[in-house]
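The values are calculated or read from the model by the stated rules, or taken from the named source; none is laboratory data. Given the structure is predicted, the values throughout are model-derived calculations rather than measurements. Cβ placement follows ideal geometry from the backbone for every residue including glycine, while neighbour counts extend to all protein chains displayed. Just the protein is used for accessible areas: all its heavy atoms, side chains included, with ligands, DNA and RNA removed. Shrake-Rupley method; radii C 1.70, N 1.55, O 1.52, S 1.80 Å.
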Amino acid sequence: MKEQREGFRSFMGLALDEARAAACRGEVPVGAVVVQGERVLARAGNRTREQSDPTAHAEMLAIRAACGVLGSERLVGCDLYVTLEPCPMCAAAISAARVGRLYYGAADPKSGGIAVGARVFSHPQCHHAPEVYDGIGAGEAEALLKAFFADRRG
């Protein structure tokens, strides 16, 4: 995708913390963080099982919470860090929220909506496409996911 910016500070460590916490709750270990400049607006991990809600992905929860903090349905000028490539549902929400930059860790060849599969931001119907930076913290994110699913298949 794009090359990292000069003076870049990653918040992927916080997203990885949320992914680890999700795994401890028995959820697929995906974490997300929304920041505005250096200010963390929201952070979340997957809660689909806990909330019996197929839309309770880390990105969706973090976007909802950040919008609540700002009192707006838009996250203009905000960045989203997520440990796994967002699915098409989350990519559509990222676009609708007008997130400025998306940073994600591990690629998701099965269910991704950014670089594979639906490629939501490439569609003519997409009203807003954020800058996308991939591969940040990918090794640790992939390791968390592999360990989680290996334990389940055990």
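Summed over segment 64-95, the residues that are hydroxyl-bearing (Ser, Thr, Tyr) and surrounded by fewer than 18 Cβ atoms within 10 Å (Cβ to Cβ) give a count of 1.
Quick one: which of Val116, Val120 is out of contact with any strand residue (DSSP E or B) (no Cβ under 7 Å at 6 or more places or on another chain), touching a residue at least 12 places away in the same chain (Cβ under 8 Å) and crowded, with 19+ Cβ neighbours inside 10 Å?
Val120
Looking only at segment 96-113, residues that are surrounded by 20 or more Cβ atoms within 10 Å (Cβ to Cβ) and closer than 14 Å to His128 by Cα come to 3 in all.
Yes/no matrix, rows are residues, columns are (1) modelled with pLDDT under 95; (2) within 20 Å of Glu131 (Cβ to Cβ); (3) more than 13 Å from the chain's Cα centre (by Cα):
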position	(1), (2), (3)
Lys2	yes, yes, yes
Ala56	no, no, no
Met60	no, no, no
Leu75	no, yes, yes
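Scan segment 130-141 for residues that are touching a Leu at 6+ places or on another chain (Cβ under 9 Å) and open to solvent by less than 80 Å² (accessible area, probe 1.4 Å) and report the count.
Result for segment 130-141: 7.
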